[in-house]
Amino acid sequence: MARAGSAGASEPGKPRTVDGGPPRAHSYENSQRSRQAAATRERILAAATELVHELPNWDWRSLTVRAVARRAGVNESTVYRHFATERNLRDAILRQLEAEAGVELTSLNLGTIGQTIAQTYTYLGRFPIGSRPITDPTFAALDERRRAALRDAVSQAATDWTSDEREMATAALDTYWSLPTFERMVTTWNLDPAAATSTATWVISLIETAIRTGQRPPQPAGRDQTPDIGPHDATS
């Protein structure tokens, strides 16, 4: 039996742990602080994604730490406590958006590219999309003539298609007959101009074959499938 005052003896009214020490209240406090920190981080990310949903054309120039802090109702220092830099914050936002869209790039394969693009475009459709007009009148006029020529060519070849189907095919052709597409192939993918040209004409030939063989683009659910009378369908 332990003598009074000896080590290990408990004092009346003093709670002790199994090893005879005082209760570890700090463990509970640390756990509570961790939960609060996680909740604050989620609050910041939620505020940031709300802001992104309001930005037109994915223009993130106004997506700053200050703007996110103001939306979340916290100090900028609180944001920096969870995200060391603005780049860290933006990376976390993008991962959050990818999760919302259901896009998982690490598991992408040839068979899932179409589905992944569909999920991405469906998700992007929830964001505000504004037009980016060509400001130079000369280039604006050229773009109008080019798109009109594409519409005319598709209408002549797909007389029994609906106007939506013709417009979808024309938009696909337009995508590969554009300066941004050419520049991206050359600057981002490091294709030389000849290879970029071959790539574009290869894809365009696949679209052309689909049009000539009646392989219509799939229509979104609920769209009218009745063919329209185009400018080349009407009799004179």
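Numbers below:
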quantity: Hey, residue 152 touching a residue at least 60 places away in the same chain (Cβ under 8 Å), within 28 Å of residue 203 (Cα to Cα) and not aromatic (Phe, Trp, Tyr) or not; calculated: yes
quantity: Residue match in segment 127-138 (condition: under 15 Å from the mean Cα position of the chain (by Cα), farther than 27 Å from residue 83 by Cβ and either at pLDDT 90 or above or not assigned by TED's automatic domain parsing to the domain that holds residue 52 (or both)); calculated: yes
quantity: Count of segment 121-142 residues which are farther than 30 Å from residue 48 by Cβ and in a loop (DSSP other than H, G, I, E, B); calculated: 3
quantity: Unique match (being more than 30 Å from residue 133 (Cα to Cα), of a type in the set (Val, Ile, Thr) and modelled with pLDDT of 95 or more) among 74, 68; calculated: 74
quantity: Hits in segment 119-146 (condition: over 20 Å from residue 176 (Cβ atoms), surrounded by 11 or more Cβ atoms within 10 Å (Cβ to Cβ) and of a type in the set (Val, Ile, Thr)); calculated: 122, 129
quantity: Single unsatisfied condition, residue 190 versus (1) surrounded by 15 or more Cβ atoms within 10 Å (Cβ to Cβ); (2) on the phi > 0 side of the Ramachandran plot; calculated: (1)
quantity: Flag if residue 149 is loosely packed, with under 14 Cβ neighbours inside 10 Å and assigned to a helix (DSSP H, G or I); calculated: yes
quantity: Residues of segment 128-153 satisfying the condition of being charged (D, E, K, R) and more than 21 Å from residue 168 (Cα to Cα); calculated: 136
quantity: Every residue from segment 193-208 that is crowded, with 16+ Cβ neighbours inside 10 Å and over 25 Å from the mean Cα position of the chain (by Cα); calculated: 196, 199, 207, 208
quantity: Any pair with Cβ under 6 angstrom, 6 or more apart, that starts in segment 158-183 at a residue that is part of a loop (DSSP other than H, G, I, E, B) and ends at one that is acidic (Asp, Glu); calculated: 159/233; 162/228
quantity: Those residues of segment 101-110 which are in a loop (DSSP other than H, G, I, E, B) and either within 17 Å of residue 60 (Cα to Cα) or of a type outside the set (S, T, N, Q) (or both), in sequence order; calculated: 102, 103, 104, 108
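Results for (1) loosely packed, with under 14 Cβ neighbours inside 10 Å; (2) among the hydroxyl-bearing types (Ser, Thr, Tyr); (3) not in a helix (DSSP H, G or I), shown as yes or no for each residue.
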position: 32; (1), (2), (3): yes, no, no
position: 37; (1), (2), (3): yes, no, no
position: 51; (1), (2), (3): no, no, no
position: 66; (1), (2), (3): yes, no, no
position: 90; (1), (2), (3): no, no, no
position: 99; (1), (2), (3): yes, no, no
position: 112; (1), (2), (3): yes, yes, no
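The values are calculated or read from the model by the stated rules, or taken from the named source; none is laboratory data. Only a predicted model underlies this, so the values are computations on that prediction, with no experimental measurement involved. Glycine also receives a Cβ, built like all others from the backbone with ideal geometry; neighbour counts cover every protein chain displayed.
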